[in-house]
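The next block holds one structure in the form of structure tokens; read it before the comments.
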């Protein structure tokens, strides 16, 4: 029976991939990926010659149908994202749901995850936390941010370089008298990896003084000061 493998790939450093992930990508009939240019760097590095199929958030339904049809033909497909674990803040869950409906075996090949990477170095109690993904760009954004400050557990979110300063300003407006602390992961696992810790005002000033560091995507933990 064909299998759909959900394969975690490095979030930056190409060495952060499992031997099993490399083997599965080599043995699969196709690798479905967000951006073939990004994944090709990984496959070239590990001499993986498996054909690539693009599958991303803008993919039409026929692309999902195409992948499902290949699985039904008995082909094995490895699903990867540009970085990290598929199905977390990307459209991988949609493909998985369709595979479930069609009785296809789904196997996870675990590995790197940006949220787990930052949680592991947070230095606070992470036995319970809430992951909310990316904040909405417009509609529902104010409610999304206001709700964060009503949660008693640490909250993990993602944000892009284009909206980080806007997010920090919104945090300052909505946190009110609550003593909020933040831990921000920048360039995780890469050469210029950095963990920034502090309250909203301190972190805002840090990035205002270091605008050259507003690069890539950011992983953020928001927690209440004990």
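The values are calculated or read from the model by the stated rules, or taken from the named source; none is laboratory data. These figures come from a predicted structure and were not determined experimentally. Every residue, glycine as well, gets a Cβ built from its backbone with ideal geometry; the counts of neighbours run over all protein chains shown.
Summed over the range 39-82, residues that are surrounded by fewer than 16 Cβ atoms within 10 Å (Cβ to Cβ), over 27 Å from residue 12 (Cβ atoms) and within 24 Å of the chain's Cα centre (by Cα) total 2. For the range 37-46, the condition of being out of contact with any strand residue (DSSP E or B) (no Cβ under 6 Å at 6 or more places or on another chain) and touching a residue at least 40 places away in the same chain (Cβ under 8 Å) holds for at least one residue.
So residue 88 clears everything in (1) part of a loop (DSSP other than H, G, I, E, B); (2) outside the structural domain of residue 213 (by TED's automatic domain parsing); (3) in contact with a helix residue (DSSP H, G or I) (Cβ under 6 Å, 6 or more places away or on another chain) except one condition, right? Which one? All conditions are met except number (3). Just one of the listed residues (131, 153, 149) is within 27 Å of residue 11 (Cα to Cα), surrounded by fewer than 19 Cβ atoms within 10 Å (Cβ to Cβ) and in contact with a helix residue (DSSP H, G or I) (Cβ under 6 Å, 6 or more places away or on another chain), and it is 131.
Please verify whether residue 182 is surrounded by 14 or more Cβ atoms within 10 Å (Cβ to Cβ), at pLDDT 95 or above, out of contact with any strand residue (DSSP E or B) (no Cβ under 8 Å at 6 or more places or on another chain) and outside the structural domain of residue 15 (by TED's automatic domain parsing), treating the condition exactly as stated. Considered against the rule, which asks whether it is surrounded by 14 or more Cβ atoms within 10 Å (Cβ to Cβ), at pLDDT 95 or above, out of contact with any strand residue (DSSP E or B) (no Cβ under 8 Å at 6 or more places or on another chain) and outside the structural domain of residue 15 (by TED's automatic domain parsing), residue 182 comes out as no.
Please state which one of 4, 14 is free of Cβ contacts under 8 Å to residues at least 40 places away in the same chain and in contact with a helix residue (DSSP H, G or I) (Cβ under 7 Å, 6 or more places away or on another chain).
Numbers: 4 fails: free of Cβ contacts under 8 Å to residues at least 40 places away in the same chain.
Matching residue, one of 4, 14: 14.
For (1) outside any helix (DSSP H, G or I); (2) closer than 30 Å to residue 197 by Cβ; (3) at pLDDT below 95, each residue gets a yes or a no:
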residue	(1), (2), (3)
17	yes, yes, no
26	no, no, no
40	no, no, no
43	no, no, no
47	yes, no, no
59	yes, no, yes
63	no, no, yes
107	yes, no, no
117	no, yes, no
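Loosely packed, with under 13 Cβ neighbours inside 10 Å and either farther than 24 Å from residue 190 by Cβ or not assigned by TED's automatic domain parsing to the domain that holds residue 66 (or both), is that true of residue 161? Spelling it out, it is not the case that residue 161 is loosely packed, with under 13 Cβ neighbours inside 10 Å and either farther than 24 Å from residue 190 by Cβ or not assigned by TED's automatic domain parsing to the domain that holds residue 66 (or both). Here the range 99-114 is the region considered, the condition is being surrounded by fewer than 17 Cβ atoms within 10 Å (Cβ to Cβ) and in contact with a helix residue (DSSP H, G or I) (Cβ under 8 Å, 6 or more places away or on another chain), and the residue that is farthest from residue 35 (Cα to Cα) is 102. Considering (1) closer than 30 Å to residue 5 by Cβ; (2) under 19 Å from the mean Cα position of the chain (by Cα); (3) free of Cβ contacts under 8 Å to residues at least 24 places away in the same chain, the lone condition that residue 159 does not fulfil carries the number (3). Any residue that is on the phi > 0 side of the Ramachandran plot, out of contact with any helix residue (DSSP H, G or I) (no Cβ under 8 Å at 6 or more places or on another chain), part of a loop (DSSP other than H, G, I, E, B) and at pLDDT 95 or above - is there at least one of those in the range 68-77? Checking the range 68-77: at least one residue is on the phi > 0 side of the Ramachandran plot, out of contact with any helix residue (DSSP H, G or I) (no Cβ under 8 Å at 6 or more places or on another chain), part of a loop (DSSP other than H, G, I, E, B) and at pLDDT 95 or above.
If you check 123, 140, which single one turns out to be closer than 18 Å to residue 184 by Cα and either exposed (fewer than 13 other Cβ atoms within 10 Å of the Cβ) or modelled with pLDDT under 95 (or both)? Walk me through how you get there before you give the answer.
On the way: 140 fails: closer than 18 Å to residue 184 by Cα.
Checking each option against the conditions leaves just 123.
In the range 128-150, the qualifying residues are those that are in a loop (DSSP other than H, G, I, E, B) and under 24 Å from residue 225 (Cβ atoms), and the one that is farthest from the chain's Cα centre (by Cα) is 150.
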